[in-house]
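Engineer: Starting off with a structure, shown below.
Please treat every number below as a calculation from the coordinates, not as lab data. Just so we're clear, the structure is a prediction, and the values are computed from it rather than from any experiment. Neighbour counts run over all protein chains shown; Cβ positions are idealised from the backbone, glycine included.
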Amino acid sequence: MSRLSFCVLLLAGAAPTAVYAQEAATPPAPQDQSTTTEERASTGGLEDIVVTATRREERLQDIPVAVTAVTSESLTTSGIQDVRALTQVVPGFFGGKNIGLFLPVIRGVGSSSVSAADEANVATYIDGVYQPDPFSTFVDLAEVERVEVLRGPQGTVFGRNATGGLINIITPDPSFDARGSVAGRLGFLRNNSMDYDIRGYVTGGLSDTLAMDVSAVYRKTEDYILDLVHDGKLGGIEVVNVRSKLLWQPSDSAKIVLTGEITDQNSTTNATQPLNDNTAGRSFPGVILPAGPWQTSVDSIPQLDFRRYNLALRTKFELGAVNLETTSGYMHNRTLQSTDSDASNILLGIVSATDPDITSESFSQEVRLLSANPGRFQWLLGAYAFWLDATAGIRIISRPGGPGTAQTSTLLSPELSTESYSGFGEGTYELADSLFLTGGIRYTWEKRKFTQVVNGNNLFGETDQSFDRITYRVALRYEFAPDANVYASYGTGYKSGVYNYTSTTPTPVAPETIDSFEVGVKADPLDWLRTNLSLYYYDYQNLQVLARAPTGNTFILQNAASAEVYGGELEVTAVVSPDFTIRASGAFTHADYKDFPLAQGFIPLPTGGNTPVSEDASGNQMTRSPRTSFNLGFNWGRDIGSGRIGVSGNLYHSSRVYFDFANRFSQKPYSLLSGEVSWTSPSEALRFTLWATNLANEKVFREIRNGPLTTDVTYETPRRIGVGASLKF
C-alpha cells in the first residue's frame, strides 16, 4: 500500500486530526523500526521539537502531558496573527472573547470574567513571565519561535491559575550572527476596507559577550462594520508592538536576557448589533435596526484601547550538578473601554472605563533549581512571588425611560490588589528501564484586597481575604518502543477566590478546583507518521462564572456548583511524499454543568430586551465549549528551477457553541477555510504569497451577550484576501 493510500484510509477512519507540533524536513526513506530518533531526523524523517512545557527542555514526545506546539512556520502558513486564532490549529482550544477581551477555553474550562485583578483560569506566559489579567493576554504573535498549548491543569511547575491549561509563548533570544527579515501583507475585505501587516526583525552581536535584537510589528485592519447611525464604519483595529532583547553571555555557563516591550492597540471591535432585533430600543420611535451581519447602529462609538509596557529579566547559571534559573517580570497596563448596553441608537445604557481608565501594575519573581547531570532521577525545585495593584473608573449611564427622560450616572472606582507566594517541586525517577514515575507538588498562598467607591463614597473600606491550597500531580510513563510511549496521570488545579470589581458587597467568590485523570499515547509508528492520543476526565467544582446583573448594565461573578468534563484529542502528522505533508487534529469535549440550580437566564420580551430569571442549568452544555471540533491542514511544495512554489491550506470545523447557561443562544456548526500560495527564491531569501482567511465568508458569531436591555452579538472577521512579500538578509 502506498503512503498516500495509507494516509487517506487513516484520515478517513480516524476523524482526521492534525498536530502542528513538528515540522517535516525532507521526506523520509523507509527504515527499520529500531532506528533511533536522531538517525531518523538526520535522514529526513519527522523532526522532533524541544519544548519547555515542564520548565526544562525535553522532547515533546517524551513528556506525559497533552501539548500542541505550533511552530513559527505553521503560524505563518495558517494565517495566525494572534493567540485567538490558535482555535484553528489546536485541538480542544477555543479563543473566546467578551467585550473585545481574549478569554481562552481549553477542554471546556475557561474564564468569562473581564475584571481587573481577576486572572483567567487558562494561564498565558510569554518567555516564562505570567500575563496577569484579561487586558494583558491578547498577544500579537510577532517574531515567535513557537507557541505551546498545554491541555489540562498545570498545578505544579506553573501552578498559578492554570486550572484549564496554559498558553506558553516562546520568542527567540538574540543571536551573535547578524541577520534580519522584513515582511509585509496587504489584504482586502468587505466595504472597501483594507488590512495591513508590516513586521521586521534584526539581530546581531555587539561584542563577544553581548547580542541584541529588535522586533517590530504594525498591523491595521480598517473599519469594515457599517455604522448606520454615524454614516461611517467601525470594527477596525490598529496594533503597534515593539520588543527588544539584550543578551549577555559572559561564559558558556552563564546567560542573562533583558527584555523590554511596548504594545499599543486602538480598536472598535466591540461594535455590537442586536441578535434578531432584540433590543429594548426597538420600542421607541426612530430606532435603527441592522439588516444583516457586520452592521451596527449603536448611539455611542465603542472603544477598546490599551497600552502595555513589559520588562523581563531571565538568567541561567550552570553550576555543575545543578542549574539555577530566575525569571523576573514587570507589567504596566492602561485600558480604555466603552460599550453600548442596548446595542441601538436609542440612549438607554452605556458602560465605559475611559475617565478614569483601568490601570494595573504587576511584578513577578521566580527562582528555580534544576538537576543537570544525567541519571535516573531528575528534579526541579522553585519559589514564586506575585504582586498586582489595579484601579478602575467605570461609569454606568442609564436612561431606561428612553429619550426625553431622566438620565442617571454612576461612577464605580474600585481598587484591587493581589499578593501571592508559592513553593513547588517536581521529580522524575526511572523505576526500571523505560518506566518513569513523575511526581510534583505546589503550595500557594494568596491575599486579595478590595475597596469599592461609588460616586465618591467608600462603601465598606478596605476588605481582604486569604486563600491557600496544595496542588499536586502524579504521572507514570512507559516507553514500549523506541519511538512510542503510553502515560497515565492524575493532577489537581486551583484558582483562588476573587473580588468582582463592579461589586458593591465585600464578599469574594469561592475558589474553584479541578481533579484531572488522563491517559495518553505518543507514538511514531512509522518514520513518516506521528500520532498522539489523549483521553481525560475532570471533576470540576465551584466554577467561577460571569453573569449580567439582573438590573443595570454591569457584570457579576458567581460560582456554579460543579461540572463534569471528559473527552479526548487525536493528533496526526504524516509526510505523504517528498513534497506533501498532512497535519490534522480533532477533539471531543463533553463539558456539562453537573449541578447549577440557580443559573442566570434571560428570556426575550415581545417589546425588546430580556426578563432576567433564575434557571436550573444542570445538565446543560458549558458555554464556549463545542462538543466536537477538528482541523485539517496540508503543505505542498515543488522545486521549479527558478525557485519553489508552495500551496498550504487549513480547514477548521466546530460543532454548535453555546454562549449562555440556559443553552438558549448559540452559534450553529461552522467551518473556516484559509490558504496560501507562495513562491520562494532558490536562496530562500525572497518569498511572495497570495493568501486568504475565512475564504467562504462564513458569518460566525464571535460572542453573544445577554442583558436586560438586549441580546447583542459581534461577528468574526469576514473574508480577507491579500498578497504578501518577505525578505531575509
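Engineer: Could you order the peptides 425-432, 277-284, 232-239 from most to least packed, using the average number of other C-beta atoms within 10 Å per residue?
Structural biologist: Highest-to-lowest ranking by the protection proxy: 277-284, 232-239, 425-432.
Engineer: Please give the length that would be gained between residue 332 and residue 262 if that part of the chain were fully extended, namely 0.36 nm times their separation in residues minus their C-alpha to C-alpha distance (nm, one decimal).
Structural biologist: So the chain would gain 24.2 nm between residue 332 and residue 262.
Engineer: Rounding to the nearest 20 debye, state how big the charge dipole of segment 249-396 is about its Cα centre with +1 on each Lys and Arg Cβ and -1 on each Asp and Glu Cβ.
Structural biologist: My answer is approximately 480 debye.
Engineer: I've got another one for you. Let's test the formula: R0 of 25 Å, r as the Cβ-Cβ distance of residue 603 and residue 408. What FRET efficiency results, to the nearest 0.05?
Structural biologist: 0.50
Engineer: Which GluC sites (Glu not before Pro) does segment 603-703 hold that lie in a coil by DSSP with at most 15 other beta carbons within 10 Å?
Structural biologist: When the GluC sites (Glu not before Pro) of segment 603-703 are filtered for loop state and at most 15 Cβ neighbours within 10 Å, 684, 698 remain.
Engineer: For the residue pair residue 429 and residue 505, what label-to-label distance in nm results when each label sits 7 Å from Cα along the Cα-to-beta-carbon direction?
Structural biologist: Spacing of the two 7 Å Cα→Cβ label points: 4.9 nm.
Engineer: I would also like to ask the following. Ranking 539, 177 by Cβ neighbours within 10 Å, fewest first, what do you get?
Structural biologist: The order, fewest Cβ neighbours first, is 177, 539.
Engineer: Where does the chain land at 222 nm, in deg cm²/dmol rounded to the nearest 500, when only DSSP H runs of n ≥ 4 count, each adding -39500 (n - 2.57), divided by all residues?
Structural biologist: The helix contribution divided over the chain gives -1000 deg cm²/dmol.
Engineer: Take the Cβ-Cβ distance between residue 480 and residue 539 as r, set R0 to 25 Å, and report the resulting FRET efficiency rounded to the nearest 0.05.
Structural biologist: For R0 = 25 Å, the calculated efficiency reads 0.30.
Engineer: I've got another one for you. Work from the charge dipole of segment 3-728 (Cβ charges, +1 for Lys and Arg, -1 for Asp and Glu, about the Cα centre) and give the residue of 132, 410, 242 farthest towards its positive end.
Structural biologist: The residue sitting farthest along the positive end of the dipole is 410.
Engineer: How high is the relative contact order of the chain, in percent, counting Cα pairs under 8 Å that sit 6 or more residues apart?
Structural biologist: 13 percent.
Engineer: How much length is gained on full extension from residue 177 to residue 595, taking 0.36 nm per residue of separation minus their Cα-Cα distance?
Structural biologist: 144.6 nm
Engineer: Taking Cα pairs under 8 Å and at least six residues apart, what relative contact order does segment 75-175 come out at, in percent?
Structural biologist: 25 percent.
Engineer: Take the Cα coordinates of segment 3-728, assign each an equal point scatterer, and use the Debye formula without solvent to give log10 I(q)/I(0) at q = 0.06, 0.07, 0.08 Å⁻¹.
Structural biologist: Here log10 of I(q) over I(0) equals -0.35, -0.48, -0.63.
Engineer: Okay, next question. Which of 389, 195 has the fewest other C-beta atoms within 10 Å, and how do the rest follow up to the most?
Structural biologist: Taking fewest neighbouring Cβ atoms as first place, the list is 389, 195.
Engineer: Still on this structure: Can you tell me the orientation of helix 3-13 relative to the chain, as the angle in degrees between its alpha-carbon axis and the longest Cα principal axis, to the nearest 10?
Structural biologist: 40
Engineer: Now, a different point. What relative contact order, as a whole-number percentage, does segment 303-374 give when Cα pairs under 8 Å and 6 or more residues apart are counted?
Structural biologist: Normalised by residue count, the contact order of segment 303-374 is 36 percent.
Engineer: Taking only the Cα atoms of segment 402-522, how large is their convex hull per residue, in Å³?
Structural biologist: Given the Cα convex hull of segment 402-522, per-residue volume reads 157 Å³.
Engineer: Assuming R0 = 51 Å, what is the FRET efficiency of residue 616 and residue 229, from their Cβ-Cβ distance, to the nearest 0.05?
Structural biologist: Plugging the Cβ-Cβ distance into 1/(1 + (r/R0)^6) gives 0.80.
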